[in-house]
Structures are given as C-alpha cells and as structure tokens.
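Everything below concerns the one structure shown next.
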Amino acid sequence: MVIAGAGPTGMMLSAELMLAGVDVAIVERRAGPELEGTRARGLLARTIEVLDQRGVVDRFLTAGYTAQVHSFALTRLDISDFPTRHPYGLALEQSHFERILGGWIEELGVPIYREREVTGFTQDGAGADVAVSDGETLRAQFLIGCDGGRSLVRKAAGIDFPGWDPSVSSLIAQVQMRDEPPMGIRRDERGQHAMARLEDGKLIGVVTSEPYSGQTGEPTLQELSRMLIAAYGTDFGAHSPKLISRFTDMTRQAASYRNGRVLLAGDAAHIHYPVGGQGLNIGVQDAVNLGWKLAQVVKGTSPESLLDTYQAERHPVAARVLRDTMAATSLIRSDARIDALREAVGEMLSIDVARKQFGAIASGLGIHYDLGEGHPLLGRRMPDLDLVTNDGPVRVFTLLHEARPVLLNLGAHGSIDINGWTDRVRLVEARYDGDWELPALGTVNSPSAVLIRPDGYVAWVGERTSAGLSEVLTTWFGQRLLSKSPEDVVARTTSGCRSTRARPGRPDFRSS
Ligand SMILES: Cc1cc2nc3c(=O)[nH]c(=O)nc-3n(C[C@H](O)[C@H](O)[C@H](O)COP(=O)(O)OP(=O)(O)OC[C@H]3O[C@@H](n4cnc5c(N)ncnc54)[C@H](O)[C@@H]3O)c2cc1C
C-alpha cells in the first residue's frame with residue numbers, strides 16, 4: 001500500500017494499516033516532520049476518542065490543554081455534560097500533533113520516503129504503479145492520496161472537485177510589531193481579524209481577512225501591512241516576518257473518493273475555511289474509517305465492494321462540515337444585519353436541545369452512519385463503557401487498541417456463537433450494569449450484545465437474540481470459515497480479553 005503525504009491523514013492511515021498487519025509506505029514531499037506555518041490549533045472530542053481507542057491518547061493530552069472549543073456558526077457549544085470520557089477539545093498545535101503522531105508511526109515501523117513526491121501513476125485491475133520524483137516506480141495494491149487540498153493524486157485520477165470559489169481571502173502571519181497591538185478577535189465588514197502574542201514573547205500571531213478578489217501568489221509584508229491598515233487603521237509597525245501565508249474559504253469536495261485502485265482521504269477529498277476547526281479532525285477520522293476496510297480487501301477477507309462503504313459513510317460527514325463551515329463563514333463578517341443574525345443563532349443555540357444537537361455534530365460524537373433501521377446504537381460510536389470480565393475490569397476502548405472487530409456479549413455467558421469468524425472477530429464475554437447514554441439522544445435501551453467495528457462504530461445490536469448476526473458478520477468481516485482450527489477452539493472457550501489476531505504479513509509493496 002502506498003500513501004502519498006505524511007500529514008495528519010496519511011500518518012493516521014498508515015498506523016491503521018500497520019495495526020491491521022498490512023505493509024504500507026508513505027511518500028512525503030517534506031524533508032522532515034517540521035510543519036511550515038500555523039495550521040490546526042487542536043483536536044475535537046471524537047478525534048480524541050479515536051486516539052483513545054488506539055491507546056495513544058495520553059501522549060496528545062499531556063502535550064496540550066483541554067478546553068470547550070466546539071462551535072457552530074461562531075457560537076461556542078459547551079459539551080462538558082456529554083456522555084464521553086473526553087467532553088472537551090484539546091488545544092494542540094498541528095505541528096505538535098504531527099510530531100507525536102509521527103513518533104507513534106515510527107514505533108509501528110511505518111517507512112516514510114521523504115523529500116520525494118508522487119508525480120503520477122498508472123493503474124490496472126490489481127494495483128497501481130506509482131511514479132516518484134527520484135525516478136523510482138513503486139508497485140502497490142492501492143494508492144491513497146492523502147496529499148492535501150492541491151492533491152496531485154486526485155487530479156491524476158481525474159476525480160472532479162466541485163464546490164464553491166473563494167469569497168474571503170485571509171493572511172496568517174507571525175511578525176514582530178513596533179507598537180503594541182490590541183490582542184483578541186475583531187470583526188468588521190471585511191471579515192475576521194485576530195492578534196495573539198506567541199510563546200516566545202516577541203512574535204505576534206496575526207490573522208487578517210478581506211473579500212476575495214483574485215488574490216494569488218506568495219503574500220508579502222506589504223500586503224499584510226495594507227490589510228492591517230484597512231482593518232485597524234495602522235500596521236503597528238509590523239516587521240521581520242517569520243511567516244506569512246494565505247488561505248481562503250474555497251469549499252470543495254471530491255465527487256468520488258475512489259477511482260479503481262486509487263483512493264482519497266483528508267484535505268485531498270475536501271477543503272473548506274478553517275472556522276470551526278474541523279479539517280484535520282475529519283481527515284483523521286476518514287483514515288480510521290478507511291484503514292481496516294482497505295486491510296480486509298488487501299488480505300482477501302472482504303470483496304472490493306467493502307470500499308464503497310468508505311465513500312457512503314464519509315462523504316456525507318464532510319458534506320455536512322462544508323455546509324456548516326459556509327454558514328459560519330457568512331457570519332464572520334460584521335455589519336448590523338449580520339450581527340443581528342449571529343445573535344439570533346446564538347440565542348437559538350442556547351436552547352439545550354439545540355446545544356446538544358449541534359454540539360454532537362461539531363464534536364463528531366453524534367456521527368451516525370446509515371446502517372439501516374434498528375436500535376439507536378446502530379451506526380453510532382460505541383461508548384467507552386467500564387466493563388467487567390472474568391479477567392477483571394476493562395474499558396471498551398481498551399478492547400479496540402488492536403484495531404480489530406469486537407463482539408461484546410453482555411448476555412448469558414456463551415449465548416453467542418461466532419464460530420467461523422473467530423480468526424477475525426474477537427468475542428468478549430462481559431457484564432455491564434450501568435446506563436447506555438448517547439450524545440444528544442440520551443439514554444437508550446440496554447442491548448445484550450454489540451458488534452463493534454475496528455473504527456469504533458456499532459455494526460449490529462443484539463436484543464436478547466442473535467437474529468441477523470451472521471449476515472452482518474459476513475457483510476463487514478467476510479465469509480464464515482468453518483475450519484475448526486485450534487485457534488477457533490481456543491477463542492471460543494476463552495472468557496474474553498484474549499487476542500487471537502493473525503498477522504498475515506503479506507507484503508503488498510515493492511520497489512521496482
Ligand atoms: C490557517 C489554517 C488553520 C487551520 N485550523 C484548523 C483547525 O483549527 N482545526 C482543524 O481540524 N483543521 C484546521 N486546519 C485544516 C488542517 O490544517 C488540514 O485539514 C489538515 O492539515 C489536513 O491534513 P491532511 O493530512 O489531509 O493534509 P495536509 O496536512 O495538507 O498534508 C498533506 C501532505 O502531503 C504532502 N504532499 C503533498 N503533495 C505531495 C506529493 N505529490 N507527493 C508526496 N507528498 C505530498 C505535503 O507535504 C503534506 O505533508 C487549518 C488550516 C489552515 C490553513
């Protein structure tokens with residue numbers, strides 16, 4: 001498997017593939033892990049949960065600080081009463097996020113070919129020949145473009161990127177200033193502007209905006225000064241820039257997330273203005289949705305049609321983020337009418353039902369994949385319950401560390417039979433006596449069993465019967481294999497927390 005791009009999405013995807021026992025390599029343009037410029041400022045609640053599901057969340061939590069950061073249309077949404085272990089966001093610069101994620105994938109043994117670019121590819125029914133800027137061609141069963149908003153992979157695959165042209169142009173900069181500027185956020189008819197003193201005490205972080213009128217090219221100190229004067233009446237003697245870069249509210253989404261042996265994830269598949277802080281988060285979650293599915297297809301466990309569920313599930317999530325971001329962008333400017341609308345939206349969001357509804361969406365905790373009619377848990381994230389097994393207490397998220405499906409039987413011990421799938425699905429016999437509470441929905445009926453996918457979403461709910469379980473196991477984890485192997489027998493008789501995962505170690509990547 002070859003991934004183009006070692007940004008947040010590419011690195012997370014590589015971790016998921018390694019955990020699933022699939023060979024993967026990343027080709028990355030940048031020479032080192034350092035990130036030029038300022039980008040994401042933190043993680044939202046579901047991304048924090050996803051990292052908790054893999055057992056690495058503490059590395060991130062200790063590097064930042066938690067805060068109520070979720071918002072809709074610029075209104076802050078407090079989720080501190082949500083039923084999750086992480087009812088908050090994490091303030092953490094993208095550069096630190098990438099550094100920590102990079103450390104984890106290094107431990108997992110992911111090779112990164114740096115200072116090389118994917119320059120093109122050809123594909124056939126079995127894989128893709130990926131052209132790299134150093135002249136090599138890499139053969140891969142799949143190529144995944146995690147190469148950002150200007151994705152070469154997306155363009156070379158001929159995938160349309162429809163959407164909306166920019167209406168706002170913003171500069172983000174780190175400069176020194178002769179005069180003390182006013183810190184904080186201000187809005188006017190040109191857009192949103194913000195100043196903050198950076199950690200070193202000398203540099204000021206600046207964001208300033210204006211209506212888009214074709215601004216292109218590398219931004220300069222003169223351009224920054226002009227925009228500051230327009231917004232504040234002075235440029236505060238801005239000098240010695242450490243960085244100045246431009247971003248806009250161009251909003252686009254790939255028409256298809258797949259063309260044959262080529263897939264897209266993260267910014268390569270969707271771009272939008274950063275208000276609301278969603279981009280990195282939905283990229284990481286794309287990766288967690290795609291990783292196990294790709295692994296199963298490569299191992300021959302599942303047919304290629306399993307990959308259709310990646311687009312079916314993740315395209316609507318990003319489409320909703322794009323819509324909400326455009327709504328927020330239109331409220332960023334300030335004049336009497338926009339201010340009135342923003343205030344009215346804020347009032348509506350102070351109604352508790354609305355706060356919970358929009359908080360569930362903004363945090364990602366309310367994501368609902370359409371897996372058909374049934375129990376409210378179906379297609380929703382599995383809550384991180386405190387279970388009791390014969391081997392002692394265990395959290396649900398701990399059971400997901402290996403990125404393997406889990407069948408959690410909370411009914412009578414031995415009442416569920418998954419013979420024929422135990423090489424792929426881990427059966428855990430456990431007890432749980434507490435409430436089942438979902439964000440925005442509240443308390444739901446306690447199920448007697450749940451089938452949890454490796455990405456932490458519930459694929460099947462048992463209500464004192466195993467009806468439909470075999471079909472769902474086949475849909476998500478492949479055909480029943482009645483081999484009666486010793487491994488099957490051991491897995492069926494064990495009380496719960498034992499892993500029987502086979503690592504096929506099938507190489508699918510070669511350099512030629
Ligand atoms: C000013 C700003 C503020 C933001 N704030 C937030 C925020 O608060 N919260 C949030 O969630 N998101 C935020 N974002 C968005 C976030 O930065 C992106 O969504 C995120 O970086 C996407 O990750 P990615 O891995 O998909 O793509 P990228 O981070 O763009 O990574 C792509 C990688 O691919 C490499 N690459 C590109 N082309 C090739 C090639 N041909 N071959 C090999 N390698 C290649 C690049 O060098 C790069 O390392 C912000 C963005 C901006 C600009």
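The values are calculated or read from the model by the stated rules, or taken from the named source; none is laboratory data. Model, not experiment: these values are computed from the prediction. No Cβ is skipped: glycine too gets one built from the backbone with ideal geometry, and neighbour counts run over all protein chains shown.
Candidates are the residues of region 71-121 that are of a type in the set (S, T, N, Q) and over 20 Å from the mean Cα position of the chain (by Cα); the one that is surrounded by the fewest Cβ atoms within 10 Å (Cβ to Cβ) is 80. When 11, 18 are checked against the criterion of being within 15 Å of the chain's Cα centre (by Cα), under 24 Å from residue 107 (Cα atoms) and not assigned by TED's automatic domain parsing to the domain that holds residue 219, a single residue qualifies: 11. Selection of region 49-79 for residues being in contact with a Leu (Cβ under 6 Å, 6 or more places away or on another chain) and under 17 Å from residue 383 (Cβ atoms) yields 53, 57.
Of all the criteria given as (1) more than 19 Å from residue 284 (Cβ to Cβ); (2) of a type in the set (A, V, I, L, M); (3) buried (at least 18 other Cβ atoms within 10 Å of the Cβ), the one not satisfied by residue 43 is (1). In region 105-132, the residue that is farthest from the ligand (Cβ to nearest atom) out of those that are assigned to a loop (DSSP other than H, G, I, E, B) and more than 19 Å from residue 33 (Cβ to Cβ) is 125.
Residue count for region 284-327 satisfying the condition of being of a type in the set (A, V, I, L, M, F, W, C) and over 19 Å from residue 357 (Cα atoms): 12. Listed by position, the strands (runs of 3 or more DSSP E) enclosed by region 328-446 that each have at least 3 residues that are farther than 28 Å from residue 279 by Cβ are 386-389, 392-395, 406-409, 426-429, 442-444. Taking region 327-344 as the range and being surrounded by 19 or more Cβ atoms within 10 Å (Cβ to Cβ) and either within 20 Å of residue 286 (Cα to Cα) or not basic (Lys, Arg) (or both) as the test, the residues that pass are 328, 329, 331, 332.
The one condition from (1) away from the ligand (no atom under 11 Å from the Cβ); (2) surrounded by 18 or more Cβ atoms within 10 Å (Cβ to Cβ); (3) in the same structural domain as residue 54 (by TED's automatic domain parsing) that residue 274 does not meet is (1).
Put simply, of 157, 140, 131 the only residue that is surrounded by fewer than 22 Cβ atoms within 10 Å (Cβ to Cβ), modelled with pLDDT of 95 or more and in contact with a Gly (Cβ under 8 Å, 6 or more places away or on another chain) is 131.
Taking the criterion of being among the aliphatic types (A, V, I, L, M) and out of contact with any helix residue (DSSP H, G or I) (no Cβ under 7 Å at 6 or more places or on another chain), the residues of region 131-174 that qualify are 131, 132, 138, 140, 152, 156, 157, 159, 172. Residue 5 meets the conditions (1) at pLDDT below 95; (2) within 16 Å of residue 101 (Cα to Cα) in every case but one. The failed one is (1). Which of the residues belonging to region 133-160 are part of a loop (DSSP other than H, G, I, E, B), over 17 Å from residue 114 (Cα atoms) and more than 8 Å from the ligand (Cβ to nearest atom)? 141, 142, 157, 158, 159, 160 - these are the residues of region 133-160 that are part of a loop (DSSP other than H, G, I, E, B), over 17 Å from residue 114 (Cα atoms) and more than 8 Å from the ligand (Cβ to nearest atom).
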